[in-house]
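Worksheet: the structure to be examined is printed underneath.
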Amino acid sequence: MIKIVLCLVLSVSFVFSETIDYLLSEYERASDNSLQTVDEKIGHVINYSQQEIRLMQYRTLNDILRELPVFNVNSNRFGLSTPSLVGTKTATSGFFRFFINDHELSSGYDQSTLLSWGDLPLDFIDHVEIYYGESSFSFGNETGIYYIRIYTKKPEKENASAINLGINSQKAYSQSFTQSQTFENGWKYLMFVNQSQTLKESDYKNQTLNANGTRRYLFADASNENSRISIAYTDLASNNYAGLSIDAIPDSGRIRSKDFFVDVTQFFLDDRSIKANLSFDANNREYYEENAQGLWLVPVLDFTQLGLTIPIVFDEELEVFKTNAFLSKTFTSDENTFLTALNVQHKSYDVNTRKTTNMLHQTTDVGAYNDFDTETIGSLIVQDSYRLSDEIILVANAKADRHRRNGFMEDSTDSLYRIGAIYTPTDYLGLKSFYTKTAIAPTFYTIDYAAFFDKELQSQAYRFYTLEAALTFGDSKVNVTYDHVAIDDFIYYEPTVGFLNIDRTIHTEGLIFDYEYALSRNDKLHLNYYTSTLSETINNSTKGGYIKYMGSYQKWDYFTSLIYKNAYRYETIRVPSSYNVSLGATYHLTKDLSYSVKVNNILDKSTRSLYQENVNGSFTLEDDSDRNIFFSLQWIF
């Protein structure tokens, strides 16, 4: 039924949508957030305003990520939510870049954010922008596929304190405090602290796997018209779910991660056309696991004589540091905007402890897996957008990344570019198209776990072609986006040997339909459907979509949503379709005090994750989320 409804609505909505400029003005008018940060020239963008975040009761970033098109969010073997590209499931993904304001959160070790910044609460977030396609040119960051930019609340708009308390039917809780204030000298600040308990349990072979733990977050930001200083700290302590155990049932295990960053941005000149940014990130991560049946730890396994040499205890502590410096200058005229920038990033990682104990009870101080532990990336960036006429904007970008590495890894250079155009022939019609060549370099993590016969992995080369049509008709908005991607030297994890470059070109393409209808100023219906193909064997859904309705009446806010992911087959396992239905309501007792209830996964048909029971064994399925009810309170003072 859901497919029929989606097809009927989308076949009609293909005729109606809206221009880029009109869409921005509509969002600005309809939401309590002016999306001044949106840059349509960067790529294809999805916006979540503060109003939508509030009405839909998106509590954490994962609530938003789960519904994104051509995007999957599943649980990995450590019980952590991890995003993956459509049709695939990865334990750790380096395709996604996450930012708080201008600071990139990605780990210097594996370019992932899920360990330290997973389930980031949205209590202090103003709005979220998701860019699809290469956007590292003007941001000055590392390359990726999806760019999730999270913007904090504006002190000049909030200028208050807020307490948010929540608990669900499984007795997991969240508590946070936010304070913001402006001063007469032009400075303003925002502070956010949170502590959350996470519960994830599954019954497997008469045993209970769990990733129960606690997360803590601290964020502070001070800024004026030309300066911004941000600091943040987060830590995670949890059990390790299935971990590295060969039988998927560890005897014991734990994960601990602590992450800190400081970020300073300064604008110069009256027009703020010179931007300088300096940031520093430090991460400490600990991992411990025991399992009498053995641990599948690829870097230490001797494939010539496994047997009793398989480790049964693994104890590791790593420290990872990342320093980034960025300087840009923008030149503007009536028809042209030209940006040039330099970016230098230095990464290093130290092994404080890495020990294993095998089945003969022999303990080995493993130390570093290899001698590659520092990397410096120097980037030169140019970007130009030229208004050829009132209807046409041409965009061109180029970026050169020079990777200087120590140890056995060779230095390398990646040359990236993008060309595109935005065409708005009428006030209600817009077209946008880009062709991009980009690359994603190997990380410390992929080299540590690379196949023993080829440790020196090559950068993955991506070629994107994307086309977006946007039209509008009355109260309807529709976007249609097509993408085709070709990937060379894709870095793939083979469980028996580790990471390796695939020696063939991978192709994927997809189509996204998005429809919005404003029933009234306060009520909105939003539908999305996507379909994609992949030239490789799939191990995750390739089609999906959502229907969501949100609105408000007098003192009530309300919403309901359904997120759909299609069924698929992997080897002998059939993974059923998922239908994640949620609904909720908020009652505003006063303008400063509100109570909310949200029922998640009502049908108990969430997405499910594939887990390999052992290296050559069968696969099993585990639910990514359970049905639960979440109660929360917000008090603003």
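The values are calculated or read from the model by the stated rules, or taken from the named source; none is laboratory data. Not measured: the values here are computed from a predicted model. Positions of Cβ are backbone-derived with ideal geometry, glycine not excepted, and every protein chain shown enters the neighbour counts. Areas reflect the complete protein model, heavy atoms only, side chains present, ligands, DNA and RNA absent. Shrake-Rupley method; radii C 1.70, N 1.55, O 1.52, S 1.80 Å.
By accessible area of protein heavy atoms, probe 1.4 Å, what ranking do D334, D592 get, highest first? It would help to have the intermediate numbers written out before the result.
Numbers: D334 140, D592 60 Å².
Listed by decreasing accessible area, they come as D334, D592.
Computed extension length for N212-D235: 6.9 nm, one decimal, from 0.36 nm per residue of separation with the Cα-Cα distance subtracted. Remark: C-alpha extents of the range 500-597 on the principal axes read 62, 26, 24 Å, sorted largest to smallest.
Compared with the direct C-alpha span, the chain from K591 to Q293 gains 101.5 nm at full extension, assuming 0.36 nm per residue. Kirkwood Rh over Cα pairs of the range 472-540 into Stokes-Einstein at 37 °C, 0.692 mPa s: D in µm²/s? In µm²/s, the coefficient is 216.
Using C-alpha pairs below 8 Å separated by at least 6 residues, the relative contact order for the chain is 12 percent. Using only Cα coordinates, the Kirkwood hydrodynamic radius of the range 376-526 works out to 18.7 Å.
Counting every alpha-carbon pair across the range 144-243, the share separated by more than 19 Å comes to 59%. Backbone N atoms of the range 232-256 closer than 18 Å to the 7 Å Cα→Cβ label point of I573 belong to residues 241-250.
One compactness figure for the chain is 0.95, namely its Cα radius of gyration divided by 2.2 N^0.38 Å. Summing +1 for each Lys or Arg and -1 for each Asp or Glu among the other residues whose beta-carbon sits under 10 angstrom from that of S230 gives -2.
Extension gain for the segment N226 to I629, taken as residue separation times 0.36 nm less the Cα-Cα distance, is 140.7 nm to one decimal.
How much mean residue ellipticity at 222 nm does the chain get from its helices, if each DSSP H run of length 4 or more adds -39500 (n - 2.57) and you divide by all residues, to the nearest 500 deg cm²/dmol? Don't skip to the end; give the middle numbers.
Numbers: 8 runs with 51 residues, N = 637.
Calculated mean residue ellipticity at 222 nm is -2000 deg cm²/dmol.
Partner lysines whose Cα lies under 19 Å from the Cα of K437, excluding those fewer than 8 positions away in the same chain, are identified as K41, K399.
Which entries in the list K157/K258; K171/K565; K432/K477 go over 22 Å, if you measure between the two C-alpha atoms of each?
Details: K157/K258 31 Å; K171/K565 28 Å; K432/K477 16 Å.
Among K157/K258; K171/K565; K432/K477, the Cα-Cα distance tops 22 Å for K157/K258; K171/K565.
Chymotrypsin sites (Phe, Trp or Tyr not before Pro), restricted to the range 150-244: which are DSSP loop and have at most 12 other Cβ atoms within 10 Å? Numbers along the way, then the final one.
On the way: sites: Y151, Y173, F177, F183, W187, Y189, F192, Y204, Y217, F219, Y233, Y241; in loops: F183, W187, Y241.
Qualifying residues, ordered by number: F183.
For the range 278-378, chymotrypsin sites (Phe, Trp or Tyr not before Pro) are listed when DSSP marks them as loop and at most 15 other Cβ atoms sit within 10 Å of their Cβ; the list is F303. Computed over the alpha carbons of the range 223-373, Rg followed by Dmax gives 23.0, 74 Å. Here the simple spin-label model places points 7 Å from the Cα toward Cβ, and for A282 and A160 these points are separated by 3.7 nm.
Take the Kirkwood radius over Cα pairs of the range 69-218, plug it into Stokes-Einstein at 37 °C and 0.692 mPa s, and you get 188 µm²/s for translational diffusion.
Round to the nearest 0.05 the FRET efficiency obtained for I419 and S169 when R0 = 51 Å and r is the Cβ-Cβ distance. Display every interim value, and only then the final one.
Numbers: r = 52 Å, r/R0 = 1.02.
Efficiency at R0 = 51 Å is approximately 0.45.
Cβ-Cβ distance of N522 and D302, R₀ of 56 Å, FRET efficiency by 1/(1 + (r/R0)^6): the value works out to about 0.30. Once both labels are positioned 7 Å from their Cα atoms along Cα-to-Cβ, the gap between T505 and S412 label points is 1.9 nm.
Taking 7 Å steps out from each Cα toward its Cβ at A398 and I602 produces label points 5.6 nm apart.
What ratio of Cα Rg to 2.2 N^0.38 Å holds for the range 45-103?
Values: Rg = 12.6 Å, N = 59, 2.2 N^0.38 = 10.4 Å.
Normalised Rg, Cα atoms only: 1.22.
Annotation for the range 548-637: trypsin sites (Lys or Arg not before Pro) lying in DSSP loop with at most 10 further Cβ atoms inside 10 Å of their Cβ are K591.
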